[in-house]
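Novice: Got a structure for you, written out below as structure tokens; questions coming shortly.
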Amino acid sequence: MDNASKSLLMAGSILIAILLISFGRHLFNSGTVLIGDTGNQLLTRAINNYNQRYLGFVGTEIKSSDAKQLIQIIDNHNRNKDEVRSYGKVDKFGITDTKDIFVGKTYNVEITYYNKQGAIAGMKITQN
């Protein structure tokens, strides 16, 4: 009887150990997935915030002051090494210099393409 109870206690201990190990692995894997999802959400939010600075300029009938401001924003971004490292450069097409923007004229601004992260990477400014 003494050997049988020891055997049952040993088998029970092994089963409990297996359950604890399985539960630990499950918690670890769940935490890894959660951390990965949070990282993706943060990246998506950062890219959306980045894109917002340009989206307000997109459209037709943009005033000359807004077109100049957009060119300055793009130039400042492209000079900022940290932003370029994070989001890449923004290419300008069409009118690329503020001296080519004339008071009283209106402009069309469009996004030409996004980079692989989803950040705006090209914009085109044309005079209407």
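Every number in this text was worked out from the coordinates using simple rules, so none of it is lab data. The structure displayed is predicted, hence computed values, not measured ones. Note that each Cβ is placed from the backbone with ideal geometry, even for glycine, and that neighbours are counted across all protein chains shown.
Novice: Angle check, please: helix 2-55 long axis (alpha carbons) against the longest principal axis of the chain (alpha carbons), in degrees 0 to 90, nearest 10.
Specialist: Roughly 0 degrees, rounded to the nearest 10.
Novice: Cα axis of helix 64-79 to longest principal axis of the chain: angle in degrees, 0 to 90, nearest 10?
Specialist: 50 degrees
Novice: Report the extension gain between LYS99 and LEU27 in nm, rounded to one decimal, defined as 0.36 nm multiplied by the number of residues separating them, less their alpha carbon distance.
Specialist: Roughly 19.9 nm would be gained on extension.
Novice: State the Cα centre-to-centre distance between segment 1-26 and segment 50-128 in whole Å.
Specialist: About 66 Å separates the Cα centre of segment 1-26 from the one of segment 50-128.
Novice: OK, next. Count charges around PHE102 for me, please; just the other residues with Cβ under 14 Å from its Cβ, Lys/Arg as +1, Asp/Glu as -1.
Specialist: Net charge in that neighbourhood comes out at +1.
Novice: Amide H to amide H, which residues 5 or more places from TYR114 or on other chains are under 5 Å from it, using H placed in the peptide plane?
Specialist: Excluding prolines and chain starts, which carry no amide H, the hits are ALA121.
Novice: Looking at this model, which pairs from LYS68/LYS116; LYS68/LYS105; LYS81/LYS124; LYS63/LYS116 are more than 20 angstrom apart at the alpha-carbon? Could you put the intermediate results ahead of the total?
Specialist: On the way: LYS68/LYS116 27 Å; LYS68/LYS105 12 Å; LYS81/LYS124 22 Å; LYS63/LYS116 31 Å.
Exceeds cut-off: LYS68/LYS116; LYS81/LYS124; LYS63/LYS116.
Novice: A follow-up question, please. Would you kindly work out the equivalent ellipsoid of the chain from its C-alpha gyration tensor and give its semi-axes, the square roots of five times the eigenvalues, largest first in whole Å?
Specialist: On the way: eigenvalues 786, 27, 16 Å².
That gives 63, 12, 9 Å for the three semi-axes.
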